[in-house]
Amino acid sequence: MSTPTPSPGASPAVSIIVVSADSGASLRECARRALACTLPLQFILIDNDSHDGIPQAIERDHQGDERLLVIYNGANLGFGPAINRAAAKASGDTLLVLNPDCLLEDDTLQRLLDHLEQTPKAGVIGAVVCDESGHADPASFRRDPLLARSLRTLIGAEGEGVNIAGPAPDRMVQTEAVSGALMLMPRDVFRRIDGFDEAYFLHCEDLDICRRVRDAGYEVWLAGDVRVLHGKGTSSRHRPVFVSWYKHRGMWRWFRKFDPAARNPLLVAIVWLGIWAHFLLKIPGQWWRLAKRKRRVASDVTA
């Protein structure tokens, strides 16, 4: 497929922002698919100190394509801080925050932008992110992780949990939160809420920004008629304890910022103990799965 040629002086309809951190080969395909879209766009790849050579390979693949901007941080700043730095360089009136393992189809951007135009109060629009089998990620359509909801989700109890039960909708529906794997936002809304909270390093910053968008008087919507292929993060596979640490730290920050239960000192102590006990209990299984994966890779190499 030939590279779409933007009209001289045309401003991009959307600035796509992707954060990489040793994200693997899927990042290369993510960039290729996005840059194959026919809409006027800007693709900003902001790299958090990768050592896999993929960001450099993307620069070579798309050399001369003025729509591509690669920013090298030289250190792992975390997801939110990297997005904020990229957004400061964005030239589009709309931002699309995209995970490096999400693959766009040619019409995906247009459909999302159409939804944004038709929903004047929208501050965030998400899509249904799916695995290769077409199964929707429950995080695509969810609620604020208030304490009671989180506990029901954790133990599998009936009642209102964090994820909204049932098949993903096939139309535009208003919700409390969507997956951070794909989030479309007007740039002026992003600026008004000061972007992502940089105190989160990885995980829960998407829940935070959805909540702050709503608190600022805007709406969060899920475009249920838009499906996007989403793989599993390389960082989660290769650094599970590192990722889990920051995920639990993000849970704690969200609880302290937004949950009314955080006004009760006894509950605060119980939640703190519960979060970090849960983190510690997960470590043996994460190490075992990592060791098993390494043995399988080594076996494949020697076979």
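A few notes on this one:
Per-residue answers, yes or no, for (1) among the β-branched types (Val, Ile, Thr); (2) closer than 16 Å to residue 143 by Cβ; (3) outside the structural domain of residue 280 (by TED's automatic domain parsing):
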residue: 200; (1), (2), (3): no, no, yes
residue: 219; (1), (2), (3): no, yes, yes
residue: 222; (1), (2), (3): no, yes, yes
residue: 225; (1), (2), (3): no, no, yes
residue: 240; (1), (2), (3): no, no, no
residue: 251; (1), (2), (3): no, yes, no
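Yes or no, residue by residue, for (1) modelled with pLDDT under 95; (2) among the charged types (D, E, K, R); (3) outside any loop (DSSP other than H, G, I, E, B):
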| position | (1), (2), (3) |
| --- | --- |
| 196 | no, no, no |
| 211 | no, yes, yes |
| 214 | no, yes, yes |
| 237 | yes, yes, yes |
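- Meets criteria (touching a helix residue (DSSP H, G or I) at 6+ places or on another chain (Cβ under 8 Å), assigned by TED's automatic domain parsing to the domain that holds residue 208, touching a residue at least 40 places away in the same chain (Cβ under 8 Å) and surrounded by fewer than 21 Cβ atoms within 10 Å (Cβ to Cβ)) for residue 144: yes
- Counting the residues of the range 39-81 that are in contact (Cβ under 8 Å) with a residue 40 or more places away in the chain and either more than 25 Å from residue 196 (Cβ to Cβ) or polar (S, T, N, Q) (or both) gives 5.
- Taking strands (runs of 3 or more DSSP E) as the structural unit, those lying wholly within the range 37-114 and holding at least 2 residues that are surrounded by fewer than 20 Cβ atoms within 10 Å (Cβ to Cβ) correspond to 68-72.
- Residue in the range 164-178 that is hydrophobic (A, V, I, L, M, F, W, C), under 27 Å from residue 42 (Cα atoms) and not in a loop (DSSP other than H, G, I, E, B) present: yes
- Unique match (being modelled with pLDDT of 95 or more and either more than 25 Å from the chain's Cα centre (by Cα) or not in a helix (DSSP H, G or I) (or both)) among 266, 229: 266
- Some residue of the range 254-262 being within 30 Å of residue 295 (Cα to Cα), in a helix (DSSP H, G or I) and small (Gly, Ala, Ser): no
The values are calculated or read from the model by the stated rules, or taken from the named source; none is laboratory data. In this text, all values refer to a predicted model and were calculated from it rather than measured experimentally. FYI the Cβ positions are ideal-geometry reconstructions off the backbone, even for glycines, and counts take in every protein chain you see.
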